[in-house]
Amino acid sequence: MIRLSVNVDHVATLREARLALYPDPKEAAQMAIIAGADGITVHLRGDRRHIKENDLELLKKFIKKPLNLEMAANQQMVSLAKKYKPNLVTLVPEKPEEITTEGGLDVFKNFDLLSDTITKLREEKIKISLFINPDSDSVKKSSELKTDFVELNTDSYAEAEEEKKRFSELENLRKMAKLARDFGLGVNAGHGLNYQNITGITTIEQIEEVSIGHAIVARAVLVGFEKAVKEMLELLKKV
Ligand code: PXP
């Protein structure tokens, strides 16, 4: 069964909408774990628009399941990763003006920066994943960077409106997941996944873990966090 890492960023988005003290992403994370989630993901953005350093500290302290920290490859974030030692760091591209992560890393343009960042994180024995678009050049270049995992960007699949396009995007993800595995990389996937489109993803044998945020938090607003997570876990079981 594919593991589920629940991204709790948007619990913090709701808190920040009123500059309040609640809802608390740590409590949501605890409920997700009680419901059976395999891990928790947060994205500590440069502008700190949702998750703050204090959230990271509390999650590290109270959550006993693997913590995946999404972050930009820069010196400040490397220092924070070294301080809080998440189980996995997923390096992502970050633009201040974007609403959510737009596309995967340019592993060609940023090769030296990524290589240097990976070396520094390795010194702390932190595992590394690179969020990349599902194309063969990015997968091959990632393997040269000696990352532990790639996270395949599922956005084009999730956004596809027509059946034919959705199918071809899914088949592309399948090919890229296989290619990544052939290069010895672990394969994660995420972005834009929800209760409808997750079923296709479960048919890809090489995907080990999905990271899902917005859809679960949105569902949780209506039915509660535990139920929202359990519903997603049920769908992941149906392989
Ligand atoms: N993976 C990465 C690299 C992301 O940046 C995000 C969004 O923070 C996600 C997965 C989760 O995306 P969504 O909120 O659409 O489930």
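Give the residue, chosen from A218, A177, that is touching a His at 6+ places or on another chain (Cβ under 8 Å), assigned to a helix (DSSP H, G or I) and either more than 15 Å from the ligand (Cβ to nearest atom) or modelled with pLDDT of 95 or more (or both). Spell out how you get there, then give the answer.
Numbers: A177 fails: touching a His at 6+ places or on another chain (Cβ under 8 Å).
Just one listed residue meets the conditions, A218.
Pick from the stretch 46-57 the residues that are in a helix (DSSP H, G or I) and crowded, with 16+ Cβ neighbours inside 10 Å: which of them is farthest from the chain's Cα centre (by Cα)? Lay out the reasoning, then the answer.
Within the stretch 46-57, the subset in a helix (DSSP H, G or I) is 53-57.
From what is left, the residues that are crowded, with 16+ Cβ neighbours inside 10 Å are 55-56.
Details: D55: 17, L56: 15 Å.
Top of the filtered list is D55.
Are any of the residues in the stretch 63-70 at pLDDT 95 or above, charged (D, E, K, R) and within 13 Å of the ligand (Cβ to nearest atom)?
Yes, because at least one residue in the stretch 63-70 is at pLDDT 95 or above, charged (D, E, K, R) and within 13 Å of the ligand (Cβ to nearest atom).
Every residue, every condition in (1) within 23 Å of E209 (Cα to Cα); (2) open to solvent by 70 Å² or more (accessible area, probe 1.4 Å); (3) at pLDDT 95 or above, yes or no:
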residue: L105; (1), (2), (3): yes, no, yes
residue: S115; (1), (2), (3): no, no, yes
residue: K120; (1), (2), (3): no, no, yes
residue: I132; (1), (2), (3): yes, no, yes
residue: K141; (1), (2), (3): yes, no, yes
residue: F149; (1), (2), (3): yes, no, yes
residue: T154; (1), (2), (3): yes, no, yes
residue: E159; (1), (2), (3): yes, yes, yes
residue: E162; (1), (2), (3): no, yes, yes
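Give the residue that is nearest to the ligand (Cβ to nearest atom), with candidates limited to residues of the stretch 1-22 that are part of a loop (DSSP other than H, G, I, E, B) and open to solvent by 40 Å² or more (accessible area, probe 1.4 Å).
Of the stretch 1-22, the ones part of a loop (DSSP other than H, G, I, E, B) are 1-2, 8, 18-22.
Checking which are open to solvent by 40 Å² or more (accessible area, probe 1.4 Å) leaves us with 1, 18-19, 21-22.
Details: M1: 19, R18: 21, L19: 21, L21: 23, Y22: 20 Å.
Residue satisfying both the conditions and the ranking: M1.
Determine the pairs where a residue that is within 12 Å of D148 (Cα to Cα), located within the stretch 117-133, has a partner that is within 15 Å of the ligand (Cβ to nearest atom) and at pLDDT below 95 with Cβ atoms under 8 Å apart, the partner being 6 or more residues away or on another chain.
Close Cβ pairs satisfying both conditions: F131/T101.
If you go through the stretch 26-38 one residue at a time, do you hit one that is under 13 Å from the mean Cα position of the chain (by Cα), surrounded by fewer than 22 Cβ atoms within 10 Å (Cβ to Cβ) and in a strand (DSSP E or B)? First the steps, then the outcome.
Step one: of the stretch 26-38, the residues under 13 Å from the mean Cα position of the chain (by Cα) are 38.
Now restrict to residues that are surrounded by fewer than 22 Cβ atoms within 10 Å (Cβ to Cβ): 38.
Filter once more, so that each one left must be in a strand (DSSP E or B): none.
The answer is no; no qualifying residue exists.
The values are calculated or read from the model by the stated rules, or taken from the named source; none is laboratory data. Just so it is clear, the model here is predicted, and its values are computed rather than measured. Ideal geometry is used to build each Cβ from the backbone, glycine not excepted, and the neighbour counts take in all protein chains shown. Accessible surface is based on the protein model in full, side chains and every heavy atom, while ligands, DNA and RNA are left aside. Shrake-Rupley method; radii C 1.70, N 1.55, O 1.52, S 1.80 Å.
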